[in-house]
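Down below is the structure, laid out as structure tokens.
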Amino acid sequence: MSIDYEYLNESSIDDNLICAICNDPFEKPYVTSCDHTFCYTCILQQIQINKSCPLCRSSIENINNIMPVKTRLILNMLDSLLVKCKFCEKKRIERGSFEDHLKICRKQMNCLCTAADIRCPWNGRRDQLSSHVQQCPYEQIRPILSEILTRNRYLEQQISFPKVNHNENQQLKVEINQLYQKCQQLENELHQYKIKSVSNQNNSTTTSNNRPITFESLLTENKFGSIPDGYAGLNWINVRYTNEENARLINSQKNYDRLSVFSRGYTSIIHNDGKNPVVISSSIKQTFILYACEIMSINSSDDICQLNIIGRREKKVIYSKIVSLKYNISKVIEFPSWINLNEIEFSISKKLYFILTWIQLKYE
């Protein structure tokens, strides 16, 4: 499925338009020599792994055994499927016209990096994605990491094979352990790169552009604590930062389910101190523009919380917004035209904890 849109009325979509591999409507449909149709990316990955049709197991030796679907009726049906833009939330856009919509969509924010599946934490405007991917360290090591994972799966299969003798088995275990250590080393190098990158960006005296402010660099000294005033050019009241381990202390769920933000690659988040309202203000005599933030409740999973957001200038309320939050489901909140501010307040109903993964603003 596209990261840019989601389908409307999925239950009403004709089953004949659904890919049997990804269970979504066909994207660039291709037909095999055994007359089965799949998304191009899906069947290409299948060929690389199995070289057979996932439905009938007929042999598919290479890409020459599949052909693009050219039936105009099928392509028109796919193009006419209605979708919702994930950036501006506009509905009832025909899928075939979505690229045209993106060209005029004014809120192309929070597109994830293509390496999000291997923990790249970047998010930003879609038109900035290409530039980021060219420099993304996660994408740069993808071939190496993919090779390691493939080799690791192969070795695990060999170990489980009953005819492997004891000596070969021990040797394979050694190789797996070496590969695991190499993976750990790569992960540590990426983590250090990320900390250094964020630290260089955030430890400035002013917020000079509209980049998202994240909190990984705070972990270089302690695993949790209060955010120091001046961080990213702002003052922080009733705000604490924490890593995943210590975030469990503010998680109201007794089973301590892993918070979803950490599974997406964040290593540090901030939360309200003592369940009090969070106040973020300018540390210099200058106003700023608030663009967006990502926030999540860690209240009981059965409840819906109301988050009240207030924008002030010289202690006077200029803007306000109320947002509903569910447990462990993060929400990106956008603020069109919230300009000329020097203070923002976040408060949640019932005096509960909430967490913030990033906030995006710019000094005027």
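Every number in this text was worked out from the coordinates using simple rules, so none of it is lab data. Since the model is a prediction, treat every value here as computed from it, not as a measurement. All Cβ positions, even for glycine, are placed from backbone atoms using ideal geometry, and neighbour counts span all protein chains on display.
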#### Entry: Segments 92-101, 112-121 sorted - mean Cβ within 10 Å per residue, highest first
112-121, 92-101
### Task
Grab the Cα-Cα distance for Lys91 and Lys103, subtract it from 0.36 nm times how many residues apart they are, and report the gain in nm with one decimal.
2.7 nm
### Task
Pull up all non-local amide H partners of Cys120: gap of 5 or more, or a different chain, and H-to-H distance under 5 Å with H placed in the peptide plane.
none
### Query
Ranked highest first by average number of other Cβ atoms within 10 Å, how do 328-341, 271-284 line up?
271-284, 328-341
### Task
Would you mind computing, in nm to one decimal, how far apart the modelled labels at Val133 and Leu179 are, each placed 7 Å from Cα along Cα→Cβ?
2.7
### Query
Taking a spot 7 Å from the Cα of Leu73 along the direction of its beta carbon, which residues of region 1-37 have an amide N less than 15 Å from it?
14-17
### Task
Mind giving me the nanometre distance, one decimal, between the label points for Ile18 and Gln45, set 7 Å out from Cα along Cα→Cβ?
1.8
### Query
Using modelled backbone amide H atoms (1.01 Å from N, in-plane), which distant-in-sequence or interchain residues come within less than 5 Å of Trp358's amide H?
Glu294
### Message
Skipping prolines and chain starts, which residues have an amide H placed within reach, meaning under 5 Å, of the one on Gly225, given they are 5 or more residues away or on another chain?
### Response
Tyr241
### Low-density loop positions, GluC sites (Glu not before Pro), region 1-75 - DSSP coil, at most 10 other Cβ in 10 Å
Glu61
### Task
For region 5-108, divide the Cα radius of gyration by the Kirkwood radius and give the resulting Rg/Rh value with two decimals.
1.04
### Message
If I model a spin label at Ser226 and Arg313 as a point 7 Å from the Cα along the Cα→Cβ vector, what separation in nanometres do I get?
### Response
3.0
### Task
Kindly state, to the nearest 0.05, the FRET efficiency for Ile333 paired with Ser52, given R0 = 41 Å and r defined as their beta-carbon distance.
0.30
### Query
Between Lys326 and Lys275, 0.36 nm times their residue separation minus their Cα-Cα distance comes to what?
16.7 nm
